[in-house]
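The values are calculated or read from the model by the stated rules, or taken from the named source; none is laboratory data. Note that the structure is a prediction, hence the values are computed from the model and not measured. Ideal geometry is used to build each Cβ from the backbone, glycine not excepted, and the neighbour counts take in all protein chains shown.
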Amino acid sequence: MRKTISILTTVTVILFSCSSKNNRVTVQESFSNGQPKTTIYKTIDNKNTYYEIEYDSLGRIMEIVPYENGVKNGTQVYFHDNLNVSALLPHIDGKRSGFTYEFYEGQQTLFKGESKDGEFNGLSTWFHKDGKPSFTGIRANGKKEGEWTEFYENGQIKARGTYLNDGKQTDWSYWNSDGTIDTTKHN
């Protein structure tokens, strides 16, 4: 809940700052119905910082991209059709860096992963709609590395094994949803 409020506060600040007197608005593209498709909001006081906002044909905001000195810098925000946030992608100097979040339409977390220098590096976790982990492990330079675990919706382990350079390694173990061992496969 706190994350959702923080996201909405950030979006509100962006939209409020875009509507102030010290900004220049440029419509880059429009739909056939005249509705803007892409709009650039540039701060006159600081010409190197601006936001690109993309809309759908109904005028709903679909994406907000912050730029500084011509590259993405800040948190890029994507929206579902219901206007809930669908993804948050932080950028530093044009490269994805920090924690990326993706959300189901109801705002439950779908994915959380750490990025550095444009690649996923660190823990990546996908979630079931109830918030329990679905699949989790480490990525290095964008590729799965080390032990990964997949879970059933009831929280029981479904599979566990090791990746090396995005490929399955060693023995993988598989369980039934009741927690009993199903099989071990050799890769």
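Of the residues that make up region 72-81, is at least one part of a loop (DSSP other than H, G, I, E, B) and either within 27 Å of TYR174 (Cα to Cα) or in the same structural domain as TRP172 (by TED's automatic domain parsing) (or both)? Checked against the condition, which is being part of a loop (DSSP other than H, G, I, E, B) and either within 27 Å of TYR174 (Cα to Cα) or in the same structural domain as TRP172 (by TED's automatic domain parsing) (or both), region 72-81 yields no hits at all.
Return yes or no: is GLU52 in a strand (DSSP E or B), surrounded by fewer than 18 Cβ atoms within 10 Å (Cβ to Cβ) and among the acidic types (Asp, Glu)? No: the conditions fail for GLU52. Just one of the listed residues (LYS144, LYS168) is closer than 25 Å to SER97 by Cα, surrounded by 13 or more Cβ atoms within 10 Å (Cβ to Cβ) and of a type outside the set (S, T, N, Q), and it is LYS144. Among the residues of region 134-183, those identified as part of a loop (DSSP other than H, G, I, E, B) and over 24 Å from the mean Cα position of the chain (by Cα) are ASN154, GLN156, ASN176, SER177, ASP178, GLY179, THR180.
Among all positions in region 84-101, there is no residue which is among the aromatic types (Phe, Trp, Tyr), out of contact with any Lys or Arg (no Cβ under 7 Å at 6 or more places or on another chain) and assigned to a strand (DSSP E or B).
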